[in-house]
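Values quoted throughout were computed directly from the atomic coordinates according to the rules given, and no laboratory measurement underlies them. This one's a predicted model, so the numbers in the text were calculated from it and none came from an experiment. Cβ placement follows ideal geometry from the backbone for every residue including glycine, while neighbour counts extend to all protein chains displayed.
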Amino acid sequence: MLVLGIDPGTAICGFGLIESEGSHLKPRVYGALTTSPKAHMEDRLMKLYDGLDDLIKTYHPDVMGVEQLFFNRNVTTAIPVGQARGVVLLAAAKNKLKVVEHTPLQVKQAVTGYGKATKEQVIYMVTKLLHLGTPPKPDDVADALAIAICTTHCMGSVAWRNR
């Protein structure tokens, strides 16, 4: 099964595509779609959409995992991230790709075993679970891979199979 994890953002949108064969996870491709803060927002959103659409059409994932919006400190970033998240959901819908949403706590729990893990702990576990030579950079990419790992765990659950 191919799972695409997305960490939405307008400046940096992390993505990670992993292949799941039983309990074995293998990274296929990961990176970030970036936009210039000097560009008009509509152009930035179009660039994100085009990049996501290309990823989906190139790799044909079975499901997309996306983190739910959660803002407890900087509420001013909620709107741009929400806009990016809308573009992510649109790209999935246009390509008839099933979306599974996760809270940050669920992602941390799935990857580290502890829902309040630090960013460093998540990066460390993503690197180990996927047998990467070096930690993925930037952090948004590690987060996207963590979301993909969480989604693979969700896909194996009884609740998912009964949908």
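Suppose we take every Cα in region 57-143 and form the convex hull; what volume per residue is that in Å³?
That works out to 117 Å³ per residue.
Debye sum, Cα scatterers, region 75-117, no solvent: what log₁₀ I/I(0) at q = 0.14, 0.20, 0.26 1/Å?
For region 75-117, the Cα-only Debye profile gives -0.48, -0.79, -0.86.
What nm distance separates the two modelled labels at residue 1 and residue 43, each placed 7 Å from Cα along Cα→Cβ?
4.1
Would you be so kind as to identify which of 79, 152, 14 lies farthest towards the positive end of the dipole of the chain, taking Lys and Arg as +1 and Asp and Glu as -1 on Cβ and the Cα centre as origin?
152
Specify which residue in the list 129, 37, 112 is farthest towards the positive end of the charge dipole of the chain, using unit charges on the beta carbon of Lys, Arg (+1) and Asp, Glu (-1), about the Cα centre.
Farthest towards the positive end: 112.
With viscosity set to 1.567 mPa s at 4 °C, what whole-number translational diffusion coefficient in µm²/s follows for the chain from Stokes-Einstein and a Kirkwood radius over Cα pairs?
Taking Rh from Cα pairs, D becomes 83 µm²/s.
Counting pairs on different chains as well as pairs 8 or more places apart, how many Lys pairs in region 98-144 have Cα atoms under 26 Å apart?
10
For the chain, give the magnitude of the charge dipole about the Cα centre (Cβ charges: +1 Lys/Arg, -1 Asp/Glu; no others), in debye to the nearest 20.
Rounded to the nearest 20 debye, it is 220 debye.
Taking θ = phi - 60°, what integer Hz values does the Karplus form 6.51 cos²θ - 1.76 cosθ + 1.60 yield along region 10-27, in sequence order, with x for Gly and Pro?
7, 7, 9, 10, x, 9, x, 10, 10, 9, 10, 10, x, 9, 8, 10, 10, x
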